[in-house]
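First the structure, in the form of structure tokens, and then the observations on it.
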Amino acid sequence: MSRRLKIAGALAIALALVAVTAGSVARAGSGAAAAARGQKGCNLNGQGTELKHVIYLQFDNTHLFRDRSNFASDLEQMPHLMNFLRDNGTLSDNEHTILISHTAGGILSSLTGLYPDRNGQAVSNSYGFFRPSGSVGFSSSFKYWTDTTDGGNPATSPPTPSADTNFNMVTGDSGSPKNTPAPWVPWARAGCDVGNVSTANAVLENNNAITFAAGPTTLAAAASIGATNIKVGSVTGFVAGMAITIDTGANAEPATIMTVGTAGATGTGITLTGPLANNHASGVPMYGPTATDPTGDMTKVFGAGSPEWQEGRDSQIAPFASAARAKALTDFVGITIHCGANGGICNKSPNAKPDALPDEPGGYGGFKGLFGALYVNPAITGGRAVVDDTAGDPIADPFGHPGFPGFDGVPAKVTLGYVAQMQEAGVPVTFGYISDAHDNHKNAFPAPPDPAGVFPRASGPGESDYVAALKSYDDAFAAFFKRLQKDGINQHNTLFVVTADENDHFAGGVSNDGNWSHTYCNLDTSTSCPASQIGEVNANLRSLLPSPTTQPTFSVHSDSAPTVYVNGNPAPTNPPLRQLERDTSAAQALDPYVSTQKTPIALYLADKVGEKALHMQTADPQRTPSFTLFANPDYFLTAGASSGAPGQPPAGTPTKVNCPNVANAAFVCVDYHFAWSHGDATDDIGRTWLGMAGPGIRQLGQTSGIWTDHTDIQPTMLALAGLRNDYTPDGRVISQVLKNGALTHSMREHAAALTQLGTVYKEINAPFGPLSFDVLSASTRALSSGSSADDSTYSAISGRITSLTNDRDALAAQMRDVLTNAAFGGPVQTTSQIYDLASQGNTLLMRANQLGAASSP
């Protein structure tokens, strides 16, 4: 080949490369322009605003204020996010969560604009419920929107019926328990697709297809061909005569139980009626009879026997911490697009499924959704199976399978990568959850545990791995904003809303250099720990009570704010319950961060009377706790007890707390694996932050001047988008952060009166408002008072709390209607009538203050 031909060939190749590059640039440019324009048919035109995009992000326990004054806060170490909110909108450091202040409750109040009594999640992230028998069951708060509290178990013989058929997300607004209205509905009805990344209960939360009569557990030791005894990890639920399955795949074999012994590699195990036909390795699964789970997410969304259902079943019976066990979660859980009224992105996918909401006010027929990364990923990437994070790496589970990495595996780069990809694909409304940075999520489910059995520890302020995690979060936001800006998605056409579910309390000592003592500290045998100790003070509540074996039978939702459920669900005046409350109020333990002497564990106590005032009584009476202990937030309280079985201490005898294992167990001990507590009624937990930027948002920078809580977020977003709920929210539109042009005529006309009304409304109605804390003070005195001979103080205070609560509820409902009508175009009272309502609220606050002050020690 002559040199000329070579040159000509090179020129042709170069020209071809230029053409390809130009084409790529052209496609990128047109894609960016399309992304900037938003979704066709999605109408988000508020008063004086025209939105094309909505991006909502909610952190898990991420702080604006410093936890120790010598170390920068979380947001200070994410300057790209903090400065974006400060420079382009409003960053309020006076936002508040709800009681009990946990992840599920905080997020769900933010999404719905409803306090827990109206959305169903008064206790989270799990809660107890009273069975018809009077015993206590427990349910996770994290369930898909239409899941029920308890599904029973059709695999047992006879089948176990549901002990509580109410929806997990339950509301009583209609006069009877119904499914809480779903937060994506206003957006979808407006023609907008709504993407969700790990958003509580708006995504599938489990891959359940079947239930088990017993198990699944694992073999605790290898079993050989011909063996008639197997060692198992657990014997719970297994009985003589039960048919079982050992192992999976081609090596699976059936067997029948002859006798059941004890668990563990050195236990007596389970004896079979016949010899094994195969060899089985240690760690393979073993389980009893199964049946289709009618309430499992795979059954409800995809249908029994469908390929998706079969994949869910296969994952359920796969070996623990294996790729097969994680596969269905990775494919179907955690990522969802609820498609708009015109079908949106669902029209292009053969895998869209009905988006059923049976109780939605006004109906919700004909809507569809894409459930799971297996179907969402190709829909938003042009056919690719994988979405990249903001660093350009594929988002996958710990085994490398593309899709959802697990609820503890969503750091900023993962969530922001998904959100950006959805927005670029024409999904204009996105909601995303971001994991906290102070916990080590390395071995979180579905990842396999550490081979050495080491449980990941928590990190303290200034600690190197914590600082590194926040640096990676800041890098993710820098890349995210740069990418969106290139797409034409910015504060000029996009509403950005960023907040945290709640704050955490840091349980730890002091450190000058960010090095913390990650050591076990036994407070049964010592009265102090190292000055730089880190970790929650774990305590068995029973061990702090007098004569624990004579207490009524009770269960506890373990927490820093534990809820107590006394069997039989007795009335608040029940004498044994009242004595348990008195004993709990008097309980003391060592807290090395406070004193070398024992101090009270309780800050506040509330029984059903006080819980109603705190919005903790839902439309499902079965889940209302007997009482709630709001403890010193350094504590994490449990209530493990002996069952009284042969060879064990008497029933009710306290068992030691593992800190974190049996080798380091005590009744009171510091566990350095967990150091960030929440749930309690303290300012460092309840006060968090809210950032908003975009069309219609005033540029106030950082401010402390506007008191808000999580229920205010959702109605404010809807008002800016020109949408409204099919119910009256508990929250109010935050008029102080909106530009004048974004306010309705009524809000402008009655601005001063409505602002005053909104302030008083929050003071009387918010869980972290002053009326609530006056009730807590009064309730604490009531529950700690009296004796079996004279409980008159309790009766008197409880009567006053009930009267105050009833009057508050009636007045708050009137205020709520006025505020909602003013923001969303309903009839509005005169200015003088609005001021009169505010005046009535102030009178109510005076009553509450007198009640609380009279009850203070």
Note: among Glu424, Glu360, just one is within 21 Å of Arg483 (Cα to Cα) and in contact with a helix residue (DSSP H, G or I) (Cβ under 7 Å, 6 or more places away or on another chain), namely Glu424
Of the residues in the range 577-613 that are closer than 30 Å to Lys762 by Cα and among the hydroxyl-bearing types (Ser, Thr, Tyr), the one that is nearest to the chain's Cα centre (by Cα) is Tyr604
When restricted to Arg86, Arg118, the only residue assigned to a helix (DSSP H, G or I), more than 16 Å from the chain's Cα centre (by Cα) and under 24 Å from Phe773 (Cβ atoms) is Arg118
Pairing a residue in the range 557-579 that is assigned to a loop (DSSP other than H, G, I, E, B) with any residue that is surrounded by 19 or more Cβ atoms within 10 Å (Cβ to Cβ) and of a type in the set (Asp, Glu), where Cβ atoms lie under 7 Å and the two sit 6 or more apart in sequence or on different chains, gives Ser560/Asp680; Ala561/Asp680; Pro572/Asp607
The condition from (1) surrounded by 16 or more Cβ atoms within 10 Å (Cβ to Cβ); (2) out of contact with any Pro (no Cβ under 9 Å at 6 or more places or on another chain); (3) part of a helix (DSSP H, G or I) that Phe768 misses is numbered (3)
Checked Asn166, Asn229, Asn201, Asn196 against criteria (outside the structural domain of Gly372 (by TED's automatic domain parsing) and either in contact with a His (Cβ under 7 Å, 6 or more places away or on another chain) or modelled with pLDDT of 95 or more (or both)); the one match is Asn229
Within the range 349-358, the count of residues that are within 24 Å of Ala396 (Cα to Cα) and not in a loop (DSSP other than H, G, I, E, B) comes to 1
Within the range 359-395, restricting to residues that are part of a loop (DSSP other than H, G, I, E, B) and hydroxyl-bearing (Ser, Thr, Tyr), the one that is nearest to Val194 (Cα to Cα) is Tyr364
When every residue in the range 723-745 that is in a loop (DSSP other than H, G, I, E, B) and among the aliphatic types (A, V, I, L, M) is compared, the one surrounded by the fewest Cβ atoms within 10 Å (Cβ to Cβ) is Leu723
Every listed condition ((1) touching a Ser or Thr at 6+ places or on another chain (Cβ under 8 Å); (2) at pLDDT 95 or above; (3) surrounded by 23 or more Cβ atoms within 10 Å (Cβ to Cβ); (4) in the same structural domain as Thr90 (by TED's automatic domain parsing)) holds for Ala479 save (3)
Q | Meets criteria (over 22 Å from Gly769 (Cβ atoms) and either in the same structural domain as Ser772 (by TED's automatic domain parsing) or assigned to a helix (DSSP H, G or I) (or both)) for Gln622 | A | yes
Listed by range, strands (runs of 3 or more DSSP E) wholly within the range 644-707 having at least 1 residues that are buried (at least 17 other Cβ atoms within 10 Å of the Cβ) are 668-671, 687-693
Reported set for the range 320-360 where residues are surrounded by fewer than 24 Cβ atoms within 10 Å (Cβ to Cβ) and among the small types (Gly, Ala, Ser) is Ala321, Ser322, Ala323, Ala324, Ala341, Gly343, Ser349, Ala352, Ala356
Check: Do we have Ser472 as over 26 Å from Gly691 (Cα atoms), surrounded by fewer than 23 Cβ atoms within 10 Å (Cβ to Cβ) and at pLDDT 95 or above here?
Finding: no
Picking from Asp513, Asp583, the residue that is surrounded by fewer than 20 Cβ atoms within 10 Å (Cβ to Cβ), without any contact (Cβ under 8 Å) to a residue 60 or more places away in the chain, assigned to a loop (DSSP other than H, G, I, E, B) and charged (D, E, K, R) would be Asp513
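The values are calculated or read from the model by the stated rules, or taken from the named source; none is laboratory data. Note that the coordinates shown come from a computational prediction; the quantities given were computed from them, not determined experimentally. As a convention, Cβ positions derive from the backbone with ideal geometry for all residues, glycine included, and neighbour counts pool all protein chains shown.
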